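Working notes, beginning with the structure itself.
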2 protein chains.
Amino acid sequence: MGAPPGYRPSAWVHLLHQLPRADFQLRPVPSGFAPQEQEYQQALLLVVALAGLGLGLSLIFIAVYLIRFCCCRPPEPPGAKSPPPGGGCVTWSCIAALLVGCAGIGIGFYGNSETSDGVSQLSSALLHANHTLSAIDHLVLETVERLGEAVRTELTTLEEVLVQRPELVAAARGARGQAEAVAQQLQALAFWRGVPLSPLQVAEDVSFVEEYRWLAYVLLLLLELLVCLFTLLGLAKQSKWLVIVMTVMSLLVLVLSWGSMGLEAATAVGLSDFCSSPDTYILNLTQEETGLSSDILNYYFLCNQAVSNPFQQRLTLSQRALANIHSQLQGLEREAVPQFPSAQKPLLSLEETLNVTEGDFHQLVALLHCRGLHKDYGAALRGLCEDALEGLLFLLLFSLLSAGALATALCSLPRAWALFPPSDDYDDADDDDPFNPQESKRFVQWQSSI
Amino acid sequence: MGAPPGYRPSAWVHLLHQLPRADFQLRPVPSGFAPQEQEYQQALLLVVALAGLGLGLSLIFIAVYLIRFCCCRPPEPPGAKSPPPGGGCVTWSCIAALLVGCAGIGIGFYGNSETSDGVSQLSSALLHANHTLSAIDHLVLETVERLGEAVRTELTTLEEVLVQRPELVAAARGARGQAEAVAQQLQALAFWRGVPLSPLQVAEDVSFVEEYRWLAYVLLLLLELLVCLFTLLGLAKQSKWLVIVMTVMSLLVLVLSWGSMGLEAATAVGLSDFCSSPDTYILNLTQEETGLSSDILNYYFLCNQAVSNPFQQRLTLSQRALANIHSQLQGLEREAVPQFPSAQKPLLSLEETLNVTEGDFHQLVALLHCRGLHKDYGAALRGLCEDALEGLLFLLLFSLLSAGALATALCSLPRAWALFPPSDDYDDADDDDPFNPQESKRFVQWQSSI
């Protein structure tokens with residue numbers, strides 16, 4: 001009842017978490033999230049290395065394919081009427097691969113925006129938690145100051161006014177003692193004061209890194225989009241130099257795609273391990289960073305019926321002390337005011353202070369309750385483990401599609417290029433107009449060769 | 001300090017809210033959100049009507065263009081060597097329009113998913129609010145029952161044990177009175193009990209409608225994607241019947257696009273009016289639906305320093321009564337237990353009950369504080385006014401792009417179709433193979449006609 005519906009690992013997390021992990025000696029590594037352990041780091045690096053292996057294999061495949069094409073089949077004499085068999089298939093497969101690449105780019109843009117959404121949800125949850133923690137600090141400080149001020153001024157005045165009646169002075173002293181006790185109890189509630197870990201700083205760091213990650217992906221996606229479009233343009237206009245430049249660019253983007261795929265796969269694997277049971281890791285990390293007692297951290301990170309409020313005792317004592325001050329003030333008002341009218345002003349002022357303190361106390365109880373901070377924790381986890389992970393998987397799909405599309409294009413482009421008519425009848429002045437008669441004639445020649 | 005950072009209208013909301021509105025007599029209508037007023041309804045219907053006007057104009061334009069094309073230029077004899085001038089331009093513009101349509105479809109998918117995200121954020125916030133409200137009810141019920149049980153059993157036993165000491169019986173009676181007072185105060189805190197409005201029901205209704213809206217858009221997007229792809233296929237294969245069927249389908253999708261554009265524009269305008277200052281409208285609506293006092297609703301919907309907690313008084317009284325019960329029980333323990341050892345058991349049991357009640361009381365204070373419910377309200381508004389509105393604007397862009405693209409395609413398709421070679425040399429058996437020599441020859445003929 002206390003805890004709002006929290007975070008539950010998604011099916012993707014379970015799936016990725018169940019993949020086997022191994023270190024550099026290929027010994028199995030447990031899939032618990034332990035980024036500080038060398039074995040686990042090796043397992044993640046091995047995932048990156050797998051992408052490197054994929055890049056190497058695809059480069060070897062492309063090289064073997066092209067060498068076989070160049071060396072084993074002598075090129076047809078230019079302008080020959082019978083085109084090489086399968087030439088149309090080559091061009092069409094190149095175009096299809098580039099279209100698949102374009103679809104992959106769309107998926108990549110979606111994944112990038114989804115990841116960005118998830119991370120911004122994480123940082124807004126951190127900002128919200130920071131707001132709650134600083135509100136607790138601020139409220140405690142304010143309340144303690146207000147009580148101290150009341151003790152120093154109104155209660156001292158009251159004791160001076162009532163000096164002739166020792167039993168009333170004793171009651172006022174009792175109220176002073178209770179107020180001091182409340183102030184002491186409250187001061188211990190500002191549990192985040194002096195803690196070296198600032199959620200604000202973490203949120204800013206996360207946003208900073210995410211901004212550059214987002215930008216890097218947008219640039220990669222735009223680069224690949226430009227490569228696809230200019231390659232298609234080069235094919236349509238049969239511009240050899242454009243196709244050659246785009247072949248080189250495709251090679252570059254292929255390397256970048258495999259590189260990003262390795263990083264994405266390792267991040268997704270690590271994130272799935274973290275997300276399958278985040279509580280223990282986060283608890284230990286926070287305890288190390290903040291030095292807070294495990295009671296408090298358990299209360300906020302688990303927030304269920306089984307974990308009792310670690311501030312319960314202090315809150316109850318403060319509450320009783322406030323009620324006692326109230327009854328002592330009422331007693332004083334009944335006893336002292338008829339005899340000492342000058343006691344009324346400090347008494348009314350004290351009651352006012354007490355009312356405000358009781359209101360602040362209720363606000364403090366609400367802020368200290370695990371519900372709010374636990375909800376932020378759940379939102380942060382959902383942002384990271386649902387949206388960001390989902391976006392990462394879309395980015396992985398983009399990298400896979402683009403690696404496949406670019407490898408196919410790299411195999412086909414030199415062959416398609418070999419089918420172009422020789423460049424000696426090019427006329428640079430008319431080169432830009434796809435509808436000029438010469439260009440059309442050349443296009444028809446090319447088409448007839450398909 | 002009390003309220004977390006809340007909802008602020010976005011730039012889109014301001015922009016849309018500043019557009020002028022008019023009723024059917026074209027008199028200006030104030031842009032405050034008032035869906036129950038006839039003038040405002042007329043203003044929104046006028047926005048839908050504008051889309052209908054757009055549809056009518058584009059249909060007239062297409063009809064005039066095609067009639068002019070058919071009647072004023074006699075068709076070339078089929079197979080003529082000199083193609084009509086501008087034929088290539090027609091085909092290319094048709095292809096470009098369809099590609100723009102495909103890009104629009106990508107934007108539409110993104111907008112649809114964004115809108116769906118926003119609405120699901122709204123319903124999850126409603127579910128969360130429902131959870132909080134029912135937790136308050138449940139907690140109050142439980143606490144009142146526990147106190148009643150303690151009064152009926154332990155306090156009665158205690159009074160029976162202490163019957164020989166009237167002053168102790170009086171103290172026990174005092175505790176009984178305080179416990180009954182606390183139960184009465186707490187009962188009034190379950191402010192949502194018996195309220196006819198259930199956030200759960202609203203969330204379910206919203207999800208239900210959203211599911212069908214999402215599905216309808218996905219079907220529209222898929223239909224348009226199929227129309228674009230099959231039209232491109234028809235153009236590439238020069239299949240007359242496919243192009244004719246797709247021309248008819250394009251007309252249907254054009255009508256659907258303009259229709260959806262009208263609905264999106266009206267919804268976006270209405271939503272921007274709602275989102276520019278949602279508090280007043282939501283406050284009035286909730287007050288009508290629930291009959292709750294404006295104090296309570298103001299507290300939860302505004303949740304700032306200016307609005308005081310309407311439960312403050314009751315909470316303070318309950319807190320004082322609980323503290324009084326505690327001191328009375330302690331007094332009884334000091335006085336009665338040495339003389340009546342059998343009083344110890346009910347006293348310990350009562351103190352246990354009191355501790356649990358104080359814990360529940362703190363939880364109740366936390367649940368009743370505006371922070372939690374106001375955060376849900378902010379999340380619901382952000383979902384509706386940021387994500388859903390943004391998605392709606394993307395859908396509007398999709399509708400605009402697709403209406404433009406389809407109108408262009410409808411103008412170009414019959415002209416491109418007129419450029420196709422006559423169908424009598426078609427061979428149905430080879431029709432599916434774009435690389436068969438006959439097909440290539442026809443393609444070359446067609447290309448040379450461009």
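Comparing each chain alone with all protein chains together (probe 1.4 Å, DNA, RNA and ligands left out), the residues of the stretch A:351-393 losing at least 40 Å² of accessible area are A:Glu358, A:His362, A:Gln363, A:Val365, A:Ala366, A:His369, A:Arg371, A:Lys375.
Here the accessible area of the protein assembly as shown is 64 percent carbon and sulfur, with a 1.4 angstrom probe and all protein chains present. Surface exposure of the stretch B:117-247, expressed per residue as accessible area with a 1.4 Å probe, stands at 48 Å². Of all the options B:Leu225, B:Leu127, B:Leu285, the one that moves most in a Gaussian network model of chain B with Cα springs shorter than 10 angstrom is B:Leu285. Each Lys or Arg adds one and each Asp or Glu takes one away; over the other residues whose Cβ falls under 10 Å from the Cβ of B:Leu197, this sums to -2. Per-residue ellipticity at 222 nm computed for chain A from its helices equals -26500 deg cm²/dmol, with DSSP H segments shorter than 4 residues left out and the rest contributing -39,500 (n - 2.57).
In the stretch B:158-191, which residues have a backbone nitrogen under 19 Å from the label point lying 7 Å from B:Lys345's Cα in the Cα-to-Cβ direction? Once the point is set 7 Å along Cα→Cβ of B:Lys345, B:158-164 turn out to lie under 19 Å by backbone N, inside the stretch B:158-191. Provide, for q = 0.14, 0.16, 0.21, 0.31 Å⁻¹, the log10 of I(q)/I(0) from a solvent-free Debye sum over equal Cα point scatterers in the stretch A:252-302. Rounded to two decimals, the profile gives -0.53, -0.59, -0.74, -1.05. Among the lysines of chain B, pairs that are 8 or more positions apart or on different chains and have alpha carbons within less than 30 Å of each other number 5. For the stretch B:119-278, the mean projected area of the C-alpha convex hull, equal to one quarter of the hull surface, is 15.3 nm². Averaged over the residues of peptide B:234-245, the number of Cβ atoms from other protein chains lying within 10 Å of each residue's Cβ is 0. In whole percents, the pair-distance distribution calculated for the stretch B:117-167 from its alpha-carbon pairs, binned every 10 Å from zero, is 22, 23, 18, 15, 11, 7, 3. Heavy-atom accessible area, probed at 1.4 angstrom with all protein chains present, ranks A:Arg173, A:Arg382 as A:Arg173, A:Arg382, highest first. The magnitude of the dipole of the stretch A:342-410, with charges of +1 and -1 set on the Cβ of Lys/Arg and Asp/Glu and taken from the Cα centre, is near 160 debye.
Dipole orientation for the protein assembly as shown: of the candidates B:Val48, A:Ser123, A:Gly106, A:Gly106 has the Cα lying most toward the positive pole (charges on Cβ; Lys, Arg +1; Asp, Glu -1).
Projecting 7 Å from Cα along the Cα-to-Cβ direction, the label point of B:Arg193 sits 4.0 nm from its equivalents in the other copies, listed shortest first. Any idea what log10 I(q)/I(0) is at q = 0.13, 0.14 Å⁻¹ for chain B, Debye with uniform C-alpha scatterers and no solvent? For the requested q values the scattering log ratios are -1.11, -1.19.
Between helix B:370-382 and chain B, what is the angle of the helix's C-alpha long axis to the longest principal axis, kept within 0 to 90° and rounded to the nearest 10? Taking the Cα atoms of chain B, the angle to B:370-382 is about 0 degrees.
Protection proxy ranking for B:101-114, A:352-365, using the average of other Cβ atoms within 10 Å per residue and placing the highest first: B:101-114, A:352-365. Heavy-atom accessible surface of B:Lys375, to the nearest 10 Å², is about 40 Å², with a 1.4 Å probe and all protein chains retained.
Residues A:Asp137, A:Asp295, B:Asp273, ordered by accessible area of protein heavy atoms at a 1.4 angstrom probe radius and largest first, appear as A:Asp295, A:Asp137, B:Asp273.
For A:Phe274, the solvent-accessible surface computed with a 1.4 Å probe is close to 20 Å², ligands and nucleic acids excluded. With the simple spin-label model, which puts each label point 7 Å out from Cα in the Cβ direction, the A:Ser293 to A:Cys70 separation comes to 7.4 nm. Over all other residues within a Cβ to Cβ distance under 11 Å of A:Asn130, the charged ones net out to -3, with Lys and Arg as +1 and Asp and Glu as -1.
A crude spin-label estimate for the pair B:Gln184 and A:His14, with each label 7 Å from Cα along the Cβ direction, gives 5.4 nm.
The local environment of B:Arg173, defined by Cβ-Cβ distances under 11 Å, has a net charge of -2 under the rule Lys, Arg +1 and Asp, Glu -1.
Buried surface for the A/B pair, taken as the accessible area of each chain alone minus that of the pair with a 1.4 Å probe, is close to 4100 Å² in total. Look at the stretch A:319-329: the mean tally of other chain Cβ atoms within 10 Å of its residues' Cβ atoms is 4. Taking the longest Cα principal axis of chain B as reference, the axis of helix B:240-276 is set at about 30 degrees. Per-residue 3J(HN,Hα) values for the stretch B:41-56, derived from phi via the Karplus relation 6.51 cos²θ - 1.76 cosθ + 1.60 with θ = phi - 60°, read 4, 5, 4, 5, 5, 5, 5, 4, 4, 4, 5, x, 4, x, 4, x Hz in sequence order (x marks Gly and Pro).
For the stretch A:343-393, what is the Kirkwood estimate of the hydrodynamic radius, computed as the reciprocal of the mean inverse distance between distinct Cα atoms, to one decimal in Å? By the Kirkwood definition, the hydrodynamic radius is 14.2 Å.
The values are calculated or read from the model by the stated rules, or taken from the named source; none is laboratory data. All figures in this text were calculated on a predicted structure; none of them were measured in a lab. Neighbour counts are summed over all protein chains in view; Cβ atoms, including those assigned to glycine, are modelled from backbone coordinates with ideal geometry. Surface accessibility is based on the protein's heavy atoms, side chains included, excluding ligands, DNA and RNA. Shrake-Rupley method; radii C 1.70, N 1.55, O 1.52, S 1.80 Å.
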